[in-house]
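> Below you'll find the structure I mean.
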Amino acid sequence: MPQHRITQAIRIRTERTEEKEHSSPLFLTSSFCFDDAEEMRAAFADETDANIYSRFSNPSVQEFVDRMCALEGAEAGFATASGMSAIVASFLSFLKKGDHLLSCSSIFGSTHTIITKYLPKFGIEYTYVPAGDQQQWEAAIRPNTKMLYLETPTNPGLDIIDLEAAGKLARKHNLIFNVDNCFATPIGQLPIQYGADLVVHSATKWLDGQGRVLGGVVVGKKELVHEVYLFCRSTGPSLSPFNAWILSRSLETLDVRMERHSSNAAYIAEKLEKHPAISFLRYPFLPSHPQHAIAKKQMLNGGGILCFELKGGLAAGRKFLDSLKMLSKTANLGDTRSIASHPASTTHAKLSPEERAAVNITPGLIRISVGLEHKDDILNDILQALQ
């Protein structure tokens, strides 16, 4: 009997050992043994799916990957040591000298560094386009454009890009459609339903959900993921079995956690939207969000992130952070504990003032990753800090 993807994320597991354990065991091993020379030869010749070496594959890692594929509706996947290694692998597995990458301009700061500093060293060209201008997207496509890359919602400004329109554009021009689904998670959004060929995640964030381990994953079409596997098998950014075991356990509660994160975030966004110290506030499911209609069309919930601009700019942003009593001040997000950050001086500090302004990262912008604490405790800490 077919099972719901949420059930699969809980029930998919490695084969039980002779101990018949209920929870999956942890396979902390660097390599795997063979009964004879022929079995070993066949494994190295890719004639069997046997595990060889944990840089290539590992049962603990594969369980995490299989659960992520079930959640995203993907054919295959490969797990990496961090979210950034997943993004880099999704680029370098396919882009070569002379190719062109088309990307939305509103992206994570480290991704911006990869695209603008490191891809050009390999002779890979790029063009940034505004998140919401569909005409500019098509106009920027060149004969050598090979990949369309985007985040939605974007980090940190929460712009929403129409996945359906982007998917049609990618198919029209035969582009690899690559989506960072970190902010929404597969509980809130399914890019593959809109034509995404690859979906990348920083598993460090919501997928872990407790700020414990680093991890990343690329899922998507089988033939494309195989290229990612070959790239990572040789270059080595594979996920450790221990981290994979932690992340696989975390996926069992992802659905219920994201329900609480999203409901808390929506409540706080509604309460703060008209606060006199705030010039604007963004949350995808607020009617005031510029792309609210698109968010409601493609997202299953509004997610656990909101952002707002303080009227006092940079000084007000710093004073706000210093006045918080409960919310954590850290670079992470997607934790059980609520987190406040100031993107202009942290995650996006390496962008120039002009680059930040172009993607609406203003001096007083505050990003809140809403946790699982009681919603009124989160709200009250923010309110007292705003005073």
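> Quote the FRET efficiency, to the nearest 0.05, computed for R16 versus T235 with a Förster distance R0 of 25 Å and r equal to the Cβ-Cβ distance.
Rounded to the nearest 0.05, the efficiency is 0.15.
> Same structure again: Using a cut-off of 14 Å between beta-carbons, work out the net charge of the residues near P153 (Lys and Arg +1, Asp and Glu -1, P153 not included). Could you put the intermediate results ahead of the total?
Values: positive: K205, R282, K296, K297, R367; negative: E151, D159, D162, D180.
In short, +1.
> So, one more: Full-extension gain between F122 and H4, please, as 0.36 nm times their residue separation minus the C-alpha to C-alpha distance. Working shown, then result.
On the way: separation 118, 0.36 × 118 = 42.48 nm, distance 4.26 nm.
Value of the extension gain: 38.2 nm.
> How large is ³J(HN,Hα) for each residue in segment 176-181, as worked out from phi by the Karplus curve 6.51 cos²θ - 1.76 cosθ + 1.60 (θ = phi - 60°), to whole Hz, x for Gly and Pro?
6, 9, 10, 10, 7, 9
> Still on this structure: So if I take the alpha carbon set of segment 1-50, get Rg, then get Rh from the Kirkwood formula, what is the Rg over Rh ratio?
Values: Rg = 15.4 Å, Rh = 13.9 Å.
Here the Rg-to-Rh quotient is 1.10.
> Please sort by residue number the trypsin sites (Lys or Arg not before Pro) in segment 207-277 whose DSSP state is loop and whose Cβ has at most 13 other Cβ atoms within 10 Å.
Numbers: sites: R212, K221, K222, R233, R249, R257, R260, K271, K274; in loops: R212, K221, K274.
Counting only loop positions with at most 13 other Cβ atoms within 10 Å, the trypsin sites (Lys or Arg not before Pro) in segment 207-277 are R212, K274.
> Enumerate the calculated ³J(HN,Hα) couplings along segment 282-292 in order (Karplus 6.51 cos²θ - 1.76 cosθ + 1.60, θ = phi - 60°), each rounded to whole Hz, writing x wherever the residue is Gly or Pro.
Per-residue couplings from phi come out as 10, 8, x, 9, 7, x, 6, 5, x, 10, 4 Hz.
> Just to confirm the filter: which GluC sites (Glu not before Pro) across segment 55-149 are DSSP coil and have at most 16 other Cβ within 10 angstrom of their Cβ? Could you put the intermediate results ahead of the total?
Working: sites: E63, E72, E75, E125, E138; in loops: E75.
The qualifying sites are E75.
> I've got another one for you. Could you work out the percent of alpha carbon pairs in the chain separated by over 38 Å, rounded to a whole number?
Numbers: 14427 of 74691 pairs.
So the portion of pairs separated by more than 38 Å is 19 percent.
> In the neighborhood of N178, defined by Cβ-to-Cβ distances under 12 Å, what is the net charge if each Lys or Arg adds +1 and each Asp or Glu adds -1?
On the way: positive: K146, K221; negative: E151, D180, D197.
Here the count lands on -1.
> Would you mind calculating the gained length between L26 and E223 on full extension (0.36 nm times residue separation, minus the Cα-Cα distance), in nm to one decimal?
68.1 nm
> So for the chain, taking the charge dipole from beta-carbon charges (+1 Lys/Arg, -1 Asp/Glu), which of N181, C69, Q3 sits furthest toward the positive end?
Working it through, the farthest residue towards the positive pole turns out to be N181.
> Additional query: Considering only DSSP states other than H, G, I, E and B, which trypsin sites (Lys or Arg not before Pro) in segment 52-153 qualify as loop sites with at most 14 other Cβ atoms within 10 Å? Please list the in-between numbers first.
On the way: sites: R55, R67, K96, K97, K117, K121, K146; in loops: R55, K96, K97.
Here the trypsin sites (Lys or Arg not before Pro) that fit, given the DSSP loop and packing criteria, are K96, K97.
> Further question: Quick query: amide H of F177 versus all other amide H atoms, modeled in the peptide plane; which residues come in under 5 Å with a sequence gap of 5 or more or a different chain?
L148, D197, L198
> Using R₀ = 45 Å, calculate the FRET efficiency as 1/(1 + (r/R₀)^6) where r is the Cβ-Cβ separation of D46 and L314; round to 0.05. Can you show the working numbers first?
Values: r = 55 Å, r/R0 = 1.22.
Once the sixth-power term is evaluated, E becomes 0.25.
> Expressed in nm to one decimal, what extension gain is obtained for the pair H173 and T330 from 0.36 nm per residue of sequence separation less their Cα-Cα distance?
On the way: separation 157, 0.36 × 157 = 56.52 nm, distance 4.06 nm.
Taking 0.36 nm per residue and subtracting the Cα distance, the gain is 52.5 nm.
> Related question: Counting only residues 5 or more places away or on other chains, whose amide H sits under 5 Å from the amide H of E151 once H atoms are built in the peptide plane?
The list, which skips near neighbours in sequence, is C104, D180.
> Further, regarding this structure: Would you work out the charge dipole size for the chain about its Cα centre, treating the Cβ of every Lys and Arg as +1 and the Cβ of every Asp and Glu as -1, and quote it to the nearest 20 debye?
For the chain, the charge dipole is close to 1240 debye.
> Within the P(r) computed for segment 54-207, what percentage of the Cα pairs occupies the region above 23 Å?
Values: 3912 of 11781 pairs.
Pairs farther apart than 23 Å: 33 percent.
Values in this text are rule-based calculations from the coordinates and carry no lab data. Quick caveat: nothing in here was measured; it's all calculated off a predicted structure. Positions of Cβ are backbone-derived with ideal geometry, glycine not excepted, and every protein chain shown enters the neighbour counts.
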